[in-house]
Each structure stands twice: as structure tokens, then as C-alpha cells.
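> First the structure, then my questions, so here it is.
The values are calculated or read from the model by the stated rules, or taken from the named source; none is laboratory data. Treat the numbers as computed from the prediction; the structure is a model and nothing was measured. Backbone-built Cβ (ideal geometry, glycine too); neighbour counts: all protein chains shown.
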Amino acid sequence: MRALVPLALLLAAPVAAQTGPTEATPDAGGRIETARALVAKMNLDRMLDFQFASLMPLVTGNVLGVMQTSSDAPAGIKQVLATPEGQAKVRAIVSEEMLAAMRSRYPEIREAAAEEYRRSFSEEDLKAIVAFYNTQAGQHLLALQPQLQQRLAEFGKGMGRDAGMAAFPKIRARIEALAKTQAPAATKQDKK
């Protein structure tokens, strides 16, 4: 769960490589306020909603898997999870509660994003970015950004799947070779 917040920041608020002010640079001239204005202009909540919604199938699948295999899960939970209808209801509950929990953290995420922008950009750069977002092209980018990110995420999933399929035979061969080199050592230790 805690890993999702940094992930959200990385996905929703890409920050250029540090070419501007650093952490050691004091916040002269109210740069944090300009950074907050930028984050507000970006409509970060909307982007986060899109991203977390796309993560929910993975999250709900993991939660269901844990509940189904946990030895200390109450029998009633396991009974609900025994049917497809029960699983669908549990997925809906998990998704609803996780999204609500994440949304309750949006103020923290917005502030963390503003702080990262403040550290990474000068006041002049921040104002220029805000000015761009006030243009027709900037507004168009903001409107399309969640959908673009979703499409790119789908592309990334497919590419990741293909890379995994290509890499798996090599992974398996290397692990099998490793097992062969360690098998004699394990047998010698077992005899001692």
C-alpha cells in the first residue's frame, strides 16, 4: 500500500531531471506556492483516479489471493470467496475501499508533488509551465493526459508480457544451472 503513493507520484507527476534548484536551495520568492498552483492546474486528482483505477484489478487480485490462501482467514470469508459471485462482490468492496483510502491521501500526494516540483524547477520555470497549461495546447494536454497515460500503460503491459515470455526460457535455464551447481553443496551439508 505504501508503495502505491510513490508510484502514483512517479506516474502522475513526472518531474524532469534535476536541472534547477535542489533541496538545499531555500524557497525564496514563494516557489512552493507557484509549485502548488502548478499541481492544482495539472488536476492531479483526476490523473490519480485514472491510475489507481487501472491498478485495482492487480490490487484486488492480490488481496483475493491472500484471503483465499491465508490459514487465519475466517471461514465466512473463505465461504464468500468460494463462488464467482462472492469473489465479484469482494473485488468490488476491495476496490471501493482501496480507492477511498487512496483518495483520502490525495492532499499528501498533491503536497509531495508540489515539493518535488519546487525542488526541481526555478520560480521562472514553474511560472512558464503554469503559463503553458493556461494555453489552448496546455489545456488540451491536461484533458487528454489520463487517457494517454492509460493507453501507454496498456502498451507497457503488452510489452512487459512479451519481454517476460522472451526472457522466461533464459531465466529458467539460468536458475536450473544455478540449482545444479548448488545441489552438490546442499547434499554435502546434509551429510554433515
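> Do we find a residue being within 23 Å of the chain's Cα centre (by Cα) and exposed (fewer than 11 other Cβ atoms within 10 Å of the Cβ) anywhere in the stretch 127-135?
No, every residue in the stretch 127-135 fails to be within 23 Å of the chain's Cα centre (by Cα) and exposed (fewer than 11 other Cβ atoms within 10 Å of the Cβ).
> Collect the residues in the stretch 141-150 that are surrounded by fewer than 15 Cβ atoms within 10 Å (Cβ to Cβ) and either of a type in the set (A, V, I, L, M, F, W, C) or at pLDDT 95 or above (or both), keeping them in residue-number order.
Of everything in the stretch 141-150, those that are surrounded by fewer than 15 Cβ atoms within 10 Å (Cβ to Cβ) and either of a type in the set (A, V, I, L, M, F, W, C) or at pLDDT 95 or above (or both) turn out to be Leu141, Ala143, Leu144, Leu148.
> Whether any residue in the stretch 91-106 is of a type in the set (S, T, N, Q), surrounded by fewer than 10 Cβ atoms within 10 Å (Cβ to Cβ) and either within 20 Å of Leu48 (Cβ to Cβ) or in contact (Cβ under 8 Å) with a residue 24 or more places away in the chain (or both) is what I want to check.
yes
> While we're on this one: Test Ala173 against the criterion of being of a type in the set (A, V, I, L, M) and either closer than 22 Å to Leu48 by Cα or surrounded by 11 or more Cβ atoms within 10 Å (Cβ to Cβ) (or both), and give yes or no.
no
> State the number of residues belonging to the stretch 112-162 that are in a loop (DSSP other than H, G, I, E, B) and of a type outside the set (Ser, Thr, Tyr).
Qualifying residue count for the region: 2.
> Assess whether Glu154 counts as being at pLDDT below 95 and within 12 Å of Leu38 (Cα to Cα).
Judged against the criteria, Glu154 is not a match.
Table: residues versus (1) touching a Leu at 6+ places or on another chain (Cβ under 7 Å); (2) modelled with pLDDT under 90.
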| position | (1), (2) |
| --- | --- |
| Gln51 | yes, yes |
| Thr60 | no, no |
| Glu96 | no, no |
| Ala100 | no, no |
| Ile109 | yes, no |
| Ala113 | yes, no |
| Ala128 | no, no |
| Thr135 | no, no |
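> Further, regarding this structure: Just a yes or no: is a residue in the stretch 178-185 at pLDDT 85 or above, polar (S, T, N, Q), part of a helix (DSSP H, G or I) and surrounded by 11 or more Cβ atoms within 10 Å (Cβ to Cβ)?
Scanning the stretch 178-185, I find no residue that is at pLDDT 85 or above, polar (S, T, N, Q), part of a helix (DSSP H, G or I) and surrounded by 11 or more Cβ atoms within 10 Å (Cβ to Cβ), so the answer is no.
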